[in-house]
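All remarks here apply to the structure that follows.
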Amino acid sequence: MVLTLQRVKIGPWGGTGGHAWDEGGHGASAGSYTGVRRMSIGSSWCVSSMLFEYDDNGKRVKGTLHGERDNGIPEEELDFHGEVLTHMCGYHDNHLIRWLQFRSNRNRTFGPYGNLLEDQAGWTRFEVSMEHSGSIVGFCGRSDDFVDAIGVYVAVWNPERFYDSMRRQGVRVYRASPLRMDLRQIEEEKKKEEVERGRLQKELEEGRESLRNIRLKLDMPPDQRKRLIRRDLRVEHQEIERQLQEMQQLERERQQLEQQEIERQLPSRQQLEQQEIKRQLQDMERERQLHRWRNFVTGGETL
């Protein structure tokens with residue numbers, strides 16, 4: 001089975017709650033997924049969750065869980081590449097997907113998921129069938145705790161039969177070429193190209209100016225050429241001297257900052273002298289007290 005590069009988006013059907021999600025495979029190797037390999041649909045009083053695994057030209061790609069997690073949900077495996085999804089139908093109540101069912105090209109049914117036993121007043125039925133003209137290769141929709149809406153991406157095998165079938169079913173389709181690029185990415189690439197073009201243009205102008213100067217020098221008389229060379233050397237020497245002075249000034253400023261930091265961290269000389277005098281006075285006072293105590297013990301003085 002050969003899938004063309006033409007992709008279309010159908011739907012979504014359902015409510016507008018939750019957050020939007022899109023698994024059309026726009027970043028896949030061929031611009032979109034090439035099929036559905038596995039799916040796991042949560043079923044309660046509505047379609048509570050869905051998780052799909054897609055095919056990207058032979059590579060398995062697992063989608064994101066949409067809805068509430070339930071580890072007891074069984075997985076449905078398709079015999080890909082020979083088996084593909086070609087039909088989807090269901091009901092929604094303008095808020096949530098209440099019932100859902102799929103069918104493959106081998107007439108194998110997946111589902112139903114959800115509950116049709118409740119009062120269906122206000123429910124809306126939706127259905128899309130490719131009728132041997134395409135297959136479902138991706139999904140989109142909205143979800144939060146449950147699945148609010150669902151739509152599909154279809155790989156078209158027979159465009160004439162496919163669009164005729166969609167018209168007869170009253171289904172609106174949107175072309176979704178896998179070759180499309182995000183507009184923001186296009187703008188960023190355009191800006192990068194403009195910057196690179198400007199840089200190359202500047203280098204080209206500088207090269208042309210250098211070439212003109214060289215030609216002028218070659219066309220000059222020898223004496224004038226020597227004077228010009230000496231002038232260029234003087235200018236270059238002055239520029240080197242200027243850069244050297246700037247470097248020396250920066251070095252002096254750096255040394256001053258280091259000295260200021262050292263002086264800030266270390267106590268001043270006067271503070272050190274005061275601390276030393278205070279320590280000596282404390283030692284003399286302790287010595288005097290010790291001397292008086294000795295005199296008292298020997299009877300020579302009273303405390």
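Can you tell me which residue in region 110-125 is surrounded by the most Cβ atoms within 10 Å (Cβ to Cβ), limited to those that are of a type in the set (Phe, Trp, Tyr) and in a strand (DSSP E or B)?
Across region 110-125, the extreme among qualifying residues is Tyr113.
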Notebook entry, point to check: Restricting attention to region 20-55, and to residues there that are within 21 Å of the chain's Cα centre (by Cα) and assigned to a strand (DSSP E or B), which single residue is surrounded by the fewest Cβ atoms within 10 Å (Cβ to Cβ)?
Noted result: Ala20
Item checked: One residue from Asn94, Asn107 being more than 20 Å from His132 (Cα to Cα) and in a loop (DSSP other than H, G, I, E, B) -> Asn94
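Please enumerate the residues belonging to region 130-147 that are more than 18 Å from Ser48 (Cα to Cα) and modelled with pLDDT of 90 or more. Spell out how you get there, then give the answer.
Of all residues in region 130-147, those more than 18 Å from Ser48 (Cα to Cα) come to 130-138.
Matches in region 130-147: Ser135, Ile136, Val137, Gly138.
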Check: Conditions: (1) assigned to a strand (DSSP E or B); (2) at pLDDT 80 or above; (3) out of contact with any Asp or Glu (no Cβ under 8 Å at 6 or more places or on another chain). Arg208 meets all but one. Number of the miss?
Finding: (1)
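The values are calculated or read from the model by the stated rules, or taken from the named source; none is laboratory data. In this text the structure is predicted, and so the values were computed from the model without any measurement. Counting neighbours? That spans all protein chains shown, and the Cβs are built from the backbone with ideal geometry, glycine included.
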